[in-house]
Amino acid sequence: MSRQPKWLDNAVFYEIYPQSFNDTNADGIGDIPGIIEKLDYIRELGCNAIWMNPCFDSPFGDAGYDVADYYKVAPRYGTNEDLKRLFDEVHKRGMHILLDLVPGHTSVEHPWFKESMKAGRNAYTDRYVWTDNVWEEPEGFGSLRGISERDGSCVVNFFSNQPALNYGFYKPEKSWQQPMDSPGAVGTREALKDIMRFWLGMGCDGFRVDMAGSLVKQDEDSKGTILLWQNIREFLDAEFPDAAMVSEWGEPDKSLQGGFHMDFLLHFGPSHYNDLFRCEKPFFAGEGDVSAFVGKYIENYEKSEHKGLICIPSGNHDMDRLARTIHGDKQKIAFAFLMSMPGAPFIYYGDEIGMRYVEGLTSVEGGYSRTGSRTPMQWDRSTNAGFSTASKELLYIPQDESADRPTAQAQMADPDSLRSEVKKLIAVRQAHKALQSCGEIDFLYAEKNAYPLAYVRSMEEEKIMVILNPSDKEASFSCGLTPTETVYSIGGEITAEAGEITIPANSAGYYRI
Ligand code: GLC
Ligand code: CA
């Protein structure tokens, strides 16, 4: 397992969707100067790290996950100089920032793809995965067909405007399926390293890697993709040992072998993450089951050699807002969970104020059902909630129109708001090593269809018991441990008698043991 950069030990991330964060030039779209303006807001909340979604030149068929130039900031966000300034301003505040690296595919506008579509052989002919002739469709994949001089079908990696870059096939079977060590596949891999070198050299602190598990094809157990990332890990160890790497993979047992420091639990994959916040009966909504999640978590935790490398996000730009399913004070209890688990927590912008999923929106830039989770940040009571001075019709995505929509300003002034609670929770986490990324976790109580959820976090001498009861009923469990000092609590105090601990309905607490 690779050495984790020290700053990850107490990192608390804030995810910024640049187009929806803060617009400074009144075009209705957020921009990099807008992010710089709000860095103090993020720091004040207590976050010390940022993941920013793709900000590169793109036709925006998938909100920027369809890159047209990996080396250039999209003009709507600013310039490369603006991004460099963002890195510097982040570092000045003792924070770190990850860019979003999209290695699996480009947009159809990328010059590599345009070259690759040509009939004559050139340096980019093998940069993407193509079949030998247009009549052959790649089995098991979507494809782009009939759009090129080149006689072939091109494999797509996600939407059909995202042609798949060629990193080779783990077990090539057909003539067009190139092995991982073929010149085309190696060329793509080296081109990826060049991109990473460019931004790391400019001062970014690492990458969140999009669809990290998707690169090598015909790779059932991900063995080929793991080998590929191990090769990239060697490059990073040699040239940028402090760069942090987080994968969108959702299978920590695989990604960590590939040399990633951290992996996300996601709304897809085997983690049961959805059981917590996003299913018919989510655990944190008060009537769900946490046991399957915990079972799987323990399995992954064992495989990661008890390193706190599994990151649990409050949400992200691909899933429904937390507030769609978790209401009122139960959101605070959800955050008491997020801020007390191992691995670095990730807060999706606006989740700290309980921004709502906006129903019924027409898809924007390939968002579809995700569009409702990507609406512009609500800062204050001014026009467009302070996001932009553009006229309403120009806004990137329409905002929550409700009269009681939450705003950052109002919540900062209210000690009982969700944001104040999240701020308090981050501060508590930062004051206790046991609660941070690398503290151990031992589950005390996580029974099927039952409450509460209880676990102990520990680091050296410090041991903190966490008890969470988002249900509407008081709950009890037995354990041989005696909670002493209260480190944090919300919703009422526990009682401990003869080895049985009782926690009030809708409450949470951290206790020293
Ligand atoms: C990831 C991104 C998502 C994007 C997809 C294709 O899942 O998070 O937003 O659409 O990859 O790049
Ligand atoms: Ca703008």
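Treating the angle as unsigned and between 0 and 90°, give the value, to the nearest 10°, between the Cα long axis of helix 418-431 and the longest Cα principal axis of the chain.
90 degrees
Over region 105-164, with the other protein chains present, what is the accessible area per residue in square angstrom, probe 1.4 angstrom? Don't jump to the answer; show the numbers that get you there.
Details: 2920 Å² over 60 residues.
About 49 Å² of surface per residue is accessible.
Which GluC sites (Glu not before Pro) in region 336-396 pass both tests, a DSSP loop state and at most 13 other beta-carbon atoms within 10 Å? Spell out each step's value before the answer.
Details: sites: Glu352, Glu359, Glu365, Glu393; in loops: Glu359, Glu365.
Listed in order of number, the matching sites are Glu359.
Starting from 0.36 nm per residue, how many nanometres of slack lie between Asn231 and Asn122 once their C-alpha separation is accounted for? Mind dumping the intermediate values first?
Working: separation 109, 0.36 × 109 = 39.24 nm, distance 2.59 nm.
Stretched fully, the Asn231-Asn122 segment lengthens by 36.7 nm.
Show me, for region 152-164, the HN-Hα J-couplings you get by feeding each phi into the Karplus relation (A = 6.51, B = -1.76, C = 1.60, θ = phi - 60°), rounded to Hz, glycine and proline as x.
Calculated HN-Hα couplings, in order: x, 10, 9, 5, 10, 9, 8, 5, 6, 9, 10, x, 7 Hz.
Glu305 to Ser476: FRET efficiency via 1/(1 + (r/R0)^6), r the Cβ-Cβ distance, R0 22 Å, to the nearest 0.05?
Details: r = 34 Å, r/R0 = 1.53.
That gives a FRET efficiency of 0.05.
What percent does the relative contact order of the chain come to when contacts are Cα pairs within less than 8 Å and at least six residues apart? Mind showing how you got there, number by number?
On the way: 1191 pairs, mean separation 68.5, N = 513.
Worked out over the chain, it gives 13 percent.
Roughly how many Å is it from the Cα centre of region 1-62 to that of region 141-167, as a whole number?
31 Å
What whole-number distance in Å separates the alpha-carbon centres of region 331-399 and region 239-305?
23 Å
If you line up the long axis of helix 223-239 against the longest principal axis of the chain, both from Cα atoms, how many degrees apart are they, to the nearest 10?
80 degrees
Any idea of Thr484's accessible area? Nearest 10 Å², probe 1.4 Å.
Only protein atoms counted, so the area is about 90 Å².
Using the Cα centre as the reference, give the magnitude of the dipole from point charges on the C-beta atoms of the chain (Lys, Arg: +1; Asp, Glu: -1; all else neutral), rounded to the nearest 20 debye.
Numbers: 51 positive and 77 negative charges, 91 e Å.
That gives a dipole near 440 debye.
With runs of 4+ DSSP H residues as the only contributors, calculate the mean residue ellipticity of the chain at 222 nm using -39,500 (n - 2.57) per run, divided by the residue total and rounded to the nearest 500.
Working: 12 runs with 119 residues, N = 513.
It comes out at -7000 deg cm²/dmol, rounded to the nearest 500.
For region 238-322, which chymotrypsin sites (Phe, Trp or Tyr not before Pro) pass both filters: DSSP loop (anything but H, G, I, E, B) and at most 16 other C-beta atoms within 10 Å?
On the way: sites: Trp249, Phe260, Phe264, Phe268, Tyr273, Phe277, Phe283, Phe284, Phe293, Tyr297, Tyr301; in loops: Trp249, Phe260, Phe268, Tyr273.
Loop-located and lightly packed - Phe268.
By how many degrees, 0 to 90 and rounded to 10, does the Cα axis of helix 183-202 deviate from the longest principal axis of the chain?
50 degrees
Between Asp442 and Asp151, what length in nm is gained on full extension when 0.36 nm per residue of separation is reduced by their alpha carbon distance? Spell out each step's value before the answer.
Details: separation 291, 0.36 × 291 = 104.76 nm, distance 5.72 nm.
Contour length minus Cα-Cα distance gives 99.0 nm.
Let me check something: with ligands and nucleic acids excluded, how do Asp253, Asp194 order by accessible area (1.4 Å probe), largest to smallest? Could you put the intermediate results ahead of the total?
Values: Asp253 45, Asp194 70 Å².
The ranking, largest first, comes out as Asp194, Asp253.
Which value, in Å² rounded to 10, gives the accessible area of Glu115 with a 1.4 Å probe and all protein chains present?
Ignoring ligands and nucleic acids, Glu115 comes out at about 60 Å².
Looking at region 1-54, which trypsin sites (Lys or Arg not before Pro) are DSSP coil and have at most 10 other C-beta atoms within 10 Å of their C-beta? Walk me through the intermediate numbers first.
Details: sites: Arg3, Lys6, Lys38, Arg43; in loops: Arg3, Lys38.
In loop regions of region 1-54 (DSSP not H, G, I, E or B), the sparsely surrounded trypsin sites (Lys or Arg not before Pro) are Arg3.
If I take R0 = 22 Å and measure r between the Cβ atoms of Ala26 and Met202 in this structure, what FRET efficiency does the formula 1/(1 + (r/R0)^6) give, to the nearest 0.05? Display every interim value, and only then the final one.
Working: r = 28 Å, r/R0 = 1.27.
After rounding, the FRET efficiency stands at 0.20.
Using a Förster radius of 45 Å, what is the FRET efficiency between Glu137 and Ala292 based on their Cβ-Cβ separation? Nearest 0.05, please.
Numbers: r = 38 Å, r/R0 = 0.83.
Here the calculated transfer efficiency is 0.75.
Check cross-link reach from Lys433 to the aspartates and glutamates: straight Cα distance under 15 Å, and skip same-chain residues fewer than eight apart.
Asp9, Glu460, Glu461, Glu462
Under 30 Å Cα to Cα from Lys223, which lysines show up? Leave out anything in the same chain fewer than 8 places away.
By straight Cα distance, Lys223 reaches Lys6, Lys171, Lys174, Lys193, Lys254, Lys296, Lys303, Lys307.
How much accessible surface does Ile147 have with a 1.4 Å probe, in Å² rounded to 10?
Ile147 exposes around 90 Å² with every protein chain in place.
Could you give the dipole magnitude of region 441-512 about its Cα centre, charging the beta-carbon of Lys and Arg +1 and that of Asp and Glu -1, in debye to the nearest 20?
The calculation lands at about 180 debye.
The values are calculated or read from the model by the stated rules, or taken from the named source; none is laboratory data. Keep in mind that what you see is a predicted model, and the values were worked out from it rather than measured. For neighbour counting, all protein chains shown are included, and Cβ atoms are generated from backbone atoms with ideal geometry for every residue, glycine included. The area values use the complete protein model at the heavy-atom level, side chains included, leaving out ligands, DNA and RNA. Shrake-Rupley method; radii C 1.70, N 1.55, O 1.52, S 1.80 Å.
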